[in-house]
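This report refers to the structure that appears directly beneath it.
The values are calculated or read from the model by the stated rules, or taken from the named source; none is laboratory data. What you see is a predicted model; the values in this text were computed from it and never measured. FYI the Cβ positions are ideal-geometry reconstructions off the backbone, even for glycines, and counts take in every protein chain you see.
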Amino acid sequence: MEEGNAECSQVWNEWSIREGRETYAYLTTDELLTEIAVNSAQATHDRPTVLLPAKAEDIVTMQRHYYNRYLSARLANPLWDAKQLVLFRNLPVSDSAMLTEALTGVRESFSKHNLARVYAALAPGRE
């Protein structure tokens, strides 16, 4: 949300009232985690933080069996469907213990390439 932008603020407030605290993104978990982590790490300079799940349990996949049964009845080879829930926490980049714990817990959700992108965003200038 752009600071001081009344129109953007109004749209965000309407979205919050309608949807609550859920935001929907049509990305894989790997893509979502990477984009949120990289963009959040690059956005803060005075007190660097990063948005990441703090532990593996902050990433949950809820199977939508009812929807998959419906698709199986209608299509010969349906794509599997599930809802993935991710709890992001704003972690200080300066807290190496917390950051290490978070990255260790969620690294299985990242591809090697995207995990490298996150590390690069957390340590700019060290490439």
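Structure above, values below:
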| quantity | calculated |
| --- | --- |
| Check on Tyr26, under 13 Å from the mean Cα position of the chain (by Cα) and among the aromatic types (Phe, Trp, Tyr) | yes |
| Selection from segment 61-91 of residues that are of a type in the set (Gly, Ala, Ser) and closer than 19 Å to Tyr24 by Cα | Ala82 |
| Matching option when the condition is among the hydroxyl-bearing types (Ser, Thr, Tyr) and touching a strand residue (DSSP E or B) at 6+ places or on another chain (Cβ under 7 Å), among Thr49, Thr44, Thr34, Thr28 | Thr49 |
| Checklist (1) within 22 Å of Ala116 (Cβ to Cβ); (2) modelled with pLDDT under 90; (3) in contact with a strand residue (DSSP E or B) (Cβ under 8 Å, 6 or more places away or on another chain) applied to Arg64, failing item | (1) |
| Residues of segment 8-45 satisfying the condition of being modelled with pLDDT of 80 or more and either of a type in the set (S, T, N, Q) or touching a His at 6+ places or on another chain (Cβ under 8 Å) (or both) | Gln10, Asn13, Thr28, Thr29, Thr34, Asn39, Ser40, Gln42 |
